[in-house]
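The values are calculated or read from the model by the stated rules, or taken from the named source; none is laboratory data. What you see is a predicted model, and the numbers here were worked out from it, not measured in a lab. Reconstructed Cβ throughout: ideal geometry from the backbone, glycine too, with neighbour counts over all protein chains shown. Surface areas here come from the heavy atoms of the whole protein model, side chains and all, with no ligands, DNA or RNA. Shrake-Rupley method; radii C 1.70, N 1.55, O 1.52, S 1.80 Å.
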Amino acid sequence: MEINEVFYNLGSPVYSSDVAMSRANPVEYINPVFLPGIYCPKCNDLWASSSRVRIDETVSKKVSDILQSHNLPDFGVQLDQFQSLCKEMALATNIPLKMLEPGVDLCPPEGLIRNTKVKDFTHPFPGLIWVKGSVKASLEEAKLQGITFVKVNLKWTGKMKNSTEAVPELWEIVVNGKAWLEGSNLETITACSMCGRTEFLWGKNPKVDKTRWDGSDVFYVDDNPNIVIVTEKVKEILDYGKFTNFDCKTI
Ligand SMILES: [Zn+2]
């Protein structure tokens with residue numbers, strides 16, 4: 001662990017327009033299985049996180065069957081109903097209870113793709129990064145900490161909908177590393193003690209607290225799945241590979 005470690009926010013580059021952004025990212029994320037949100041009486045609102053837990057097809061099917069057996073409303077459920085649902089789910093699937101957040105996606109990644117001209121990186125959603133096999137190979141070769149990959153189940157859409165051409169192969173970056181920003185802790189990110197709703201602050205000058213960084217090359221800060229942080233080592237690999245459609249911003 002270097003003392004002068006520099007960190008970067010890995011994400012999309014700045015696009016000149018929405019059209020340019022859409023053209024560079026011809027994909028749409030699909031989450032077929034997810035937990036309901038919670039309707040919280042204290043917040044007087046519905047809460048759902050944007051977390052994603054990548055489990056295999058079989059476990060995801062189990063989750064889906066349990067959800068269907070409960071005949072849940074389209075929108076959020078009450079807190080006590082959510083808690084009993086999660087207990088049942090954890091027992092049946094062995095997914096740790098703490099991962100069963102309101103709204104969490106519990107499925108392998110799926111997506112729709114509009115054309116064949118896919119860049120090395122695609123960004124269907126903030127913090128959600130899909131890459132080509134060449135990017136995956138370069139990162140895997142470096143034996144990095146805190147990153148794994150899962151293949152995205154892609155289908156053609158739009159003008160390509162009935163195409164018999166093979167869909168491009170893309171891999172989702174699964175981020176396993178963790179750290180906290182200076183000044184953040186579980187208390188500061190918890191906006192409501194009743195439903196556990198979290199709120200992420202990404203100030204002007206966010207700094208990773210190196211004493212609360214697990215040493216991973218790829219990690220989330222403050223449990224925020226919308227922002228991916230990487231080390232200099234990762235940036236160097238990506239720069240060296242001259243990959244397209246990504247940006248590493250110094251933080
Ligand atoms: Zn609440």
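Electrostatic bookkeeping for TRP156 treats Lys and Arg as +1 and Asp and Glu as -1; over the other residues with beta carbon under 10 Å from its beta carbon, the sum is +3. Here the accessible area is traced with a 1.4 Å probe on the protein chains. For segment 33-106, carbon and sulfur cover 53 percent of it. Sorting ARG23, ARG52 on solvent-accessible area from highest to lowest, probe radius 1.4 Å, gives ARG23, ARG52. Evaluating 6.51 cos²θ - 1.76 cosθ + 1.60 at θ = phi - 60° for every residue in segment 185-191, the Karplus couplings come out as 7, 4, 5, 6, 8, 7, 7 Hz, glycine and proline recorded as x. Label zone (ASN205, point 7 Å along Cα-to-C-beta; backbone nitrogen cut-off 18 Å) within segment 228-251: 250-251. Each 5 Å bin from zero up to the one holding the largest Cα-Cα distance in segment 33-106 carries the following percent of pairs: 3, 17, 30, 28, 15, 5, 2, 0. By the Cβ-Cβ criterion of under 4.7 Å, the unpaired cysteines of the chain are CYS86, CYS107, CYS192, CYS248. Extension gain for the segment ALA191 to ASP247, taken as residue separation times 0.36 nm less the Cα-Cα distance, is 17.1 nm to one decimal. The Cα trace of segment 171-226 gives Rg and Dmax of 12.0, 36 Å, the first to one decimal, the second as a whole number. A cut-off of 5 Å between modelled amide H atoms, ignoring neighbours fewer than 5 places along the same chain, links ILE129 with ILE173. Among 215-227, 64-76, 191-203, sorting by the average number of other beta carbon atoms lying within 10 angstrom of each residue, highest first, gives 215-227, 191-203, 64-76.
Between amide H atoms placed 1.01 Å from N, distances below 5 Å from ARG212 occur with TRP180, all of them 5 or more places distant or on a separate chain.
Gain on full extension, evaluated as 0.36 nm per residue between GLU141 and GLU88 minus their Cα-Cα distance, stands at 15.1 nm.
Under 8 Å for C-alpha pairs, at least 6 residues apart: give me the relative contact order for segment 129-251, rounded to a whole percent.
Working: 169 pairs, mean separation 33.9, N = 123.
Relative contact order of segment 129-251: 28 percent.
Taking the convex hull of the alpha carbon positions in the chain and averaging its projected area over all directions gives 15.3 nm². Cα centroids of segment 77-155 and segment 181-229: 19 Å apart.
Output the relative contact order of segment 33-106, whole-number percent, from Cα pairs under 8 angstrom with separation of 6+ residues.
Numbers: 99 pairs, mean separation 41.3, N = 74.
56 percent.
Dividing the Cα radius of gyration of segment 124-251 by 2.2 N^0.38 Å, with N the residue count, gives 1.24.
Helix-only arithmetic for the chain: the sum of -39500 (n - 2.57) across DSSP H runs with n ≥ 4, divided by the residue total, places the mean residue ellipticity at 222 nm at -6500 deg cm²/dmol.
The calculated FRET efficiency for the pair ASP223 and GLU165, based on their C-beta separation and a Förster distance of 41 Å, comes to about 0.55.
Relative contact order for the chain using alpha-carbon pairs under 8 Å, separation at least 6, rounded to a whole percent? Mind dumping the intermediate values first?
Working: 471 pairs, mean separation 70.8, N = 251.
28 percent.
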